[in-house]
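Undergrad: Submitted below is the structure of interest, expressed as structure tokens.
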Amino acid sequence: MTVTTAGELPDGTYDVVVVGAGVVGTAIARELARHPLRTAVVEAANDVGDATSKANTAILHTGFDAVPGSLESRLVREGQRRLAAYATESGIPVEPVGALLVAWDEEQRAALPALAEKAGRNGCPDARIIGADEVYRREPHLGPGALAALDVPGESIICPWTTTLSYATQAVRAGVDLHLNCRLHDVSRTPDGEGDGHSLRTSRGTVRTRYLVNAAGLHSDTVDRALGHDDFTVTPRRGQLIVFDKFARDLVRHILLPVPTALGKGVLVAPTVYGNVLLGPTAEDLDDKAATGSTAGGIAVLREKGRRIVPGLIDEEVTAVYAGLRAATEHDDFQIRAHPGQRYITVGGIRSTGLTASMAIAAYVTELLAGAGLGLGEPRDLEPVRMPNLGEAFPRPYQRAELIAADPEYGVLVCHCERVTRGEIRDALAGPVPPGSLDGLRRRTRARGGRCQGFYCGAEVRELFDERAEVQRG
Amino acid sequence: MRSERTVDVLVVGAGPAGLATAARLADAGEVEVLEREARAGGIPRHCHHGGFGQRTGPQYVRKLTGEAARAGARLRTSVTVTGWAGPLTLDTTSAQGLERITARAVVLATGARERPRSARLVPGSRPAGVFTTGELQQTVHLHGRSPGTRAVVIGAEPVAYSAVRTLLGAGVEIAAMITGLPRHQAAVTDAADTRLRRRVPLLTDATVAELLGRERLSGIVVRHADGRRAVIACDTVVFTGDFVPDHELARRGGVLLDPGTRGPAVDSAFRTAEPGVFAAGNLLHGAEPALYAAREGGLAAAAVLRHLEGAPWPAEQIPVRTEDPLGWVAPQRITPGGPPPPYGRFLLRTTRFLVRPHLVVHQDGRILHRQRLAHTAVPNRSFAVSGSWVGAVDPRGGTVIFTAEQRSI
């Protein structure tokens, strides 16, 4: 059970190194952990899921609107089934709220039958068109002007943070090495006589591996080029999102999607499993892979659209504005390719559906590794993991008398807005994959994530975090 | 698994208002004060400066907790009220487990908080080093930690100058204060001392356009009224003021809120629209000084005692509201035949500087009161208007409206 954050990397040669500890990289690591392999994940950030994976729309998709026959369509559908089952087993909060794809003008209404037909081909036979009366009956706070909607009952909301952390936790417990703060500089062939494989030069020294998996997200094209390929270019597509406070949750019952256009899937309004409401994302193609700031223009556009979709939303308090970068490419599908001669698998161009598809991607990549010559050995079942519940649809520690009776720390609230107890913060800090920052602690507990943003609890949460860091430093 | 019991009065929040209420309820029977923090006192517990009578914040807290205890109130800390189980029944969580407590009267005294960066929709990155005054003061005064090395303070109302003192005391250099208004809104002596002696520049008519930096704040972009932008290098930014009532519990209980203050709408006896539910202190009105919140608590206690003795809950109340440029008025309900407002005055806020404005109160086109303010009405600071006219309100009439006729600067 090894997570390292500093110092030289271990000697010897791994069977597989996965570059990138996002939701895809950690899912692959978890899948590989089922096999008797020496596996490592190297990650530039100080935490898992710290780039694209932390800032998505948190939806467990059915894939109803994917391009039928594409790799993405297949992996989203398969991944949805796998992740839904895994979430139940692991305690990852999921709420099957369903989606309504709302038509606001005649042109959009005219597009619904084709979308319904596509949904059928994508394995969602229960998607159906409903009229305005039913739309307003089911979504009474919707703004005026909705003409009809495509009802997609299978769409769910999920906690993306717990998903990534659950994969990483299970992988690490099963023996995978996770090397954080470990930025990949370049890749070379291991010199002759030292086995056929890769030598990775990182910010923490060199590490060797027989097989390499590139799950570097926004930087997957850069890694791919370092291996001599020119198959795709990642153009970061910024998505700004606004999170509204808990009182907004009563205004929205479904994931409210717009009818997609050539420019993307458009701005949605969706509940979150934490009891908030999300508005976004924008879709801005950028050059800068670090441009995760929000902008005045982006916020204004979102508020304007949000006011039309659910007018009451705009009067509610905003608890967060954030921006994520999606790894968009010039292709309309995932870019997953095996290069058996190089013992190398590219997992690029994974868009917002990557969260849903993650487990299917992992299984597929494992097959590709076997096809490239990696002897997987006999698989075994992983020790199940039970993640702390961050979802409002399930009992939280502060509501559980038996838990508090057994450990009173679960009865002492530290973060009042999000109702996070000292017991939960203690557990997260002592967990197998501990947070590298206060933001990481927030993604594990929700502490400091509420309407006051630390006015009440910020100093105490930081104190608890620093104490733990000081203990660990000795 | 939830233990149930009853008390006479349940006070939620042990800040100045809640403690002062409890201190005057010695004759009310069983009085319990619930505080979610580990220590009672509310905001003053981390205000290590004067301004609390002749005391500092923590000294004032000791006085208030002593008075509440001597009145026989049971003061419980680290107990969180998580919701309502009935009109006068609250659910709680603490290390002792889950409870359900029913009272004959509930007093909400949950206070106010500063709106953080996200609620102010300030664009940019999300680095460390972004504070409110509340978090800053707790960091420095309760945890003895350094907030940073070079700061910008957003806001120029009285609390901003508290933030300045805390920062300077912690050895933090202050690059600038920034306010979107044309002038500071604090005491003249504070503002002059900060600008001239401590040499902290105040940028007026300016806003924060963007936060910069990845893991740690590296600077802010300030935008002036004429559109000019400039970067100020800093590793710390403190968003001060812009107080909002912490109204979650009130709102969850269906208590009617006032759109101006966003706290519960109350009458002059601190009665909300829900029978048996009172509200006092800064939950009612952004942030007033702690001594004012405590005085309200004392007055609310008198109303609670009358309620316990069987005084009827008013059925008919006349709403009170303001018109632009006035921001809000408190209290927001007039009960015909009820007591005068606290100290015979209504509290008001303006959204703009108003030089000696004429204030007019009218109902259905009939002028009830006209008064010229002897001083400038300043945003983010309350001013008082006489309530001597409440007896003239038509009990069957419409909303009572406050307007200001003024020269604005």
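The values are calculated or read from the model by the stated rules, or taken from the named source; none is laboratory data. What you see is a predicted model, and the numbers here were worked out from it, not measured in a lab. For neighbour counting, all protein chains shown are included, and Cβ atoms are generated from backbone atoms with ideal geometry for every residue, glycine included.
Undergrad: Of all strands (runs of 3 or more DSSP E) completely enclosed by region B:200-306, which ones contain at least 1 residues that are farther than 18 Å from residue B:108 by Cα, at pLDDT 95 or above and among the hydrophobic types (A, V, I, L, M, F, W, C)?
TA: Numbers: elements: B:206-212, B:219-224, B:229-233, B:236-239, B:243-245, B:277-279.
Result: B:206-212, B:219-224, B:229-233, B:236-239.
Undergrad: Sticking with this structure for a sec: Before we move on, is residue A:408 within 9 Å of chain B (Cβ to nearest Cβ) and at pLDDT 95 or above?
TA: Yes.
Undergrad: Any residue in region B:237-260 that's within 12 Å of chain A (Cβ to nearest Cβ) and more than 9 Å from residue B:114 (Cα to Cα): show its pairings with residues that are of a type in the set (Ser, Thr, Tyr) and part of a loop (DSSP other than H, G, I, E, B) at Cβ separation under 6 Å, as long as the two are six or more apart or on different chains.
TA: B:246/B:110; B:249/B:110
Undergrad: Of all residues in region A:181-202, how many are modelled with pLDDT of 95 or more and part of a loop (DSSP other than H, G, I, E, B)?
TA: Total satisfying the criteria: 3.
Undergrad: Scan region A:332-362 for residues that are outside any strand (DSSP E or B) and of a type in the set (Lys, Arg) and report the count.
TA: Looking only at that region, the number is 2.
Undergrad: Let me ask you something else. Pairs under 6 Å by beta carbon, first residue buried (at least 17 other Cβ atoms within 10 Å of the Cβ) in region A:385-411, partner in a helix (DSSP H, G or I) and among the aliphatic types (A, V, I, L, M), six or more apart or different chains?
TA: Taking only residues 6 or more apart or on different chains, the pairs are A:397/A:403; A:410/A:403; A:410/A:404; A:411/A:404.
Undergrad: Now, a different point. Of all residues in region A:226-249 being surrounded by fewer than 24 Cβ atoms within 10 Å (Cβ to Cβ) and within 20 Å of residue A:452 (Cα to Cα), which is farthest from the other protein chains (Cβ to nearest Cβ)?
TA: That would be A:249.
Undergrad: On the basis of being modelled with pLDDT of 95 or more, closer than 30 Å to residue A:135 by Cβ, in a loop (DSSP other than H, G, I, E, B) and not acidic (Asp, Glu), does residue A:76 make the cut?
TA: no
Undergrad: If you scan region B:303-327, which residues turn out to be among the charged types (D, E, K, R) and free of Cβ contacts under 8 Å to residues at least 24 places away in the same chain?
TA: Within region B:303-327, B:309 is the sole residue that qualifies.
Undergrad: Considering only residues of region A:275-295 that are in a strand (DSSP E or B) and not hydroxyl-bearing (Ser, Thr, Tyr), which is surrounded by the fewest Cβ atoms within 10 Å (Cβ to Cβ)?
TA: Per the criteria, the residue is A:285.
Undergrad: Only strands (runs of 3 or more DSSP E) wholly contained in region B:1-52 count here; list those with 3 or more residues that are more than 14 Å from chain A (Cβ to nearest Cβ) and over 15 Å from the mean Cα position of the chain (by Cα).
TA: Answer list for region B:1-52: B:9-12, B:31-34.
Undergrad: Follow-up. Inspect all residues belonging to region A:456-466 and state whether any of them is of a type in the set (Phe, Trp, Tyr), in contact with a His (Cβ under 6 Å, 6 or more places away or on another chain) and either crowded, with 23+ Cβ neighbours inside 10 Å or within 13 Å of chain B (Cβ to nearest Cβ) (or both).
TA: Within region A:456-466, one or more residues are of a type in the set (Phe, Trp, Tyr), in contact with a His (Cβ under 6 Å, 6 or more places away or on another chain) and either crowded, with 23+ Cβ neighbours inside 10 Å or within 13 Å of chain B (Cβ to nearest Cβ) (or both).
Undergrad: From the list A:137, A:109, A:81, which one is basic (Lys, Arg), in a helix (DSSP H, G or I) and under 19 Å from the mean Cα position of the chain (by Cα)?
TA: Of A:137, A:109, A:81, the one residue that is basic (Lys, Arg), in a helix (DSSP H, G or I) and under 19 Å from the mean Cα position of the chain (by Cα) is A:81.
Undergrad: Being assigned to a strand (DSSP E or B) and over 24 Å from the mean Cα position of the chain (by Cα) narrows it down to one of B:396, B:370, B:349, so name that one.
TA: Numbers: B:396 fails: assigned to a strand (DSSP E or B); B:349 fails: over 24 Å from the mean Cα position of the chain (by Cα).
Selected residue: B:370, the only one of B:396, B:370, B:349 that is assigned to a strand (DSSP E or B) and over 24 Å from the mean Cα position of the chain (by Cα).
Undergrad: For region A:260-309, how many residues meet the condition of being of a type in the set (A, V, I, L, M, F, W, C), in contact with a helix residue (DSSP H, G or I) (Cβ under 8 Å, 6 or more places away or on another chain) and over 25 Å from residue A:116 (Cβ atoms)?
TA: 2
Undergrad: Inspect region B:212-228 for any residue being within 13 Å of another protein chain (Cβ to nearest Cβ) and buried (at least 24 other Cβ atoms within 10 Å of the Cβ) and give the result as yes or no.
TA: Looking through region B:212-228, at least one residue is within 13 Å of another protein chain (Cβ to nearest Cβ) and buried (at least 24 other Cβ atoms within 10 Å of the Cβ).
Undergrad: Would you check which residues across region A:434-455 are at the interface with chain B (Cβ under 8 Å from one of its Cβ atoms) and either crowded, with 24+ Cβ neighbours inside 10 Å or among the basic types (Lys, Arg) (or both) and list them?
TA: If the condition is that a residue be at the interface with chain B (Cβ under 8 Å from one of its Cβ atoms) and either crowded, with 24+ Cβ neighbours inside 10 Å or among the basic types (Lys, Arg) (or both), then A:451, A:452, A:453, A:454, A:455 are the ones that fit.
Undergrad: Inside region B:62-84, can you point out the residues that are without any contact (Cβ under 8 Å) to a residue 24 or more places away in the chain and within 13 Å of chain A (Cβ to nearest Cβ)?
TA: Listed by number, the list holds a single entry, B:82.
Undergrad: Looking at this structure, is residue A:298 away from every other protein chain (no Cβ under 13 Å), assigned to a helix (DSSP H, G or I), over 26 Å from residue A:215 (Cα atoms) and modelled with pLDDT of 95 or more? Explain how you work it out, then say what you get.
TA: On the way: away from every other protein chain (no Cβ under 13 Å): no; assigned to a helix (DSSP H, G or I): yes; over 26 Å from residue A:215 (Cα atoms): yes; modelled with pLDDT of 95 or more: yes.
When the stated conditions are applied, residue A:298 does not pass them.
Undergrad: Considering only region B:102-152, how many residues are at the interface with chain A (Cβ under 7 Å from one of its Cβ atoms), within 28 Å of residue B:92 (Cα to Cα) and more than 22 Å from the chain's Cα centre (by Cα)?
TA: 1
Undergrad: Just one of (1) in contact with an Asp or Glu (Cβ under 8 Å, 6 or more places away or on another chain); (2) within 18 Å of residue A:26 (Cα to Cα) trips up residue A:364, so point out which.
TA: (1)
Undergrad: A further question on this structure: Would you be able to tell me the number of residues in region A:71-83 that are touching a Ser or Thr at 6+ places or on another chain (Cβ under 8 Å) and either among the polar types (S, T, N, Q) or surrounded by fewer than 19 Cβ atoms within 10 Å (Cβ to Cβ) (or both)?
TA: Counting residues in region A:71-83 that are touching a Ser or Thr at 6+ places or on another chain (Cβ under 8 Å) and either among the polar types (S, T, N, Q) or surrounded by fewer than 19 Cβ atoms within 10 Å (Cβ to Cβ) (or both) gives 1.
Undergrad: Can you tell me how many residues in region B:46-61 are within 17 Å of residue B:246 (Cβ to Cβ) and surrounded by fewer than 22 Cβ atoms within 10 Å (Cβ to Cβ)?
TA: Looking only at that region, the number is 0.
Undergrad: Okay, next question. Residue A:265 versus (1) free of Cβ contacts under 8 Å to residues at least 60 places away in the same chain; (2) within 26 Å of residue A:129 (Cβ to Cβ): which is the lone unmet condition?
TA: (1)
Undergrad: Now for a separate question. Residue by residue through region A:305-327, note down the ones that are away from every other protein chain (no Cβ under 11 Å), farther than 27 Å from residue B:246 by Cα and of a type outside the set (Val, Ile, Thr).
TA: The answer is A:305, A:308, A:324, A:325, A:326, A:327.
Undergrad: Could you grab me the full set of residues in region A:411-422 that are of a type outside the set (A, V, I, L, M) and facing chain B (nearest Cβ under 10 Å)?
TA: Matches in region A:411-422: A:411, A:416, A:417, A:419, A:421, A:422.
Undergrad: Also: Please verify whether residue B:132 is farther than 25 Å from residue A:411 by Cα, crowded, with 24+ Cβ neighbours inside 10 Å, touching a residue at least 40 places away in the same chain (Cβ under 8 Å) and touching an Asp or Glu at 6+ places or on another chain (Cβ under 6 Å), treating the condition exactly as stated. Full working, then the answer.
TA: Numbers: farther than 25 Å from residue A:411 by Cα: yes; crowded, with 24+ Cβ neighbours inside 10 Å: yes; touching a residue at least 40 places away in the same chain (Cβ under 8 Å): yes; touching an Asp or Glu at 6+ places or on another chain (Cβ under 6 Å): yes.
Considered against the rule, which asks whether it is farther than 25 Å from residue A:411 by Cα, crowded, with 24+ Cβ neighbours inside 10 Å, touching a residue at least 40 places away in the same chain (Cβ under 8 Å) and touching an Asp or Glu at 6+ places or on another chain (Cβ under 6 Å), residue B:132 comes out as yes.
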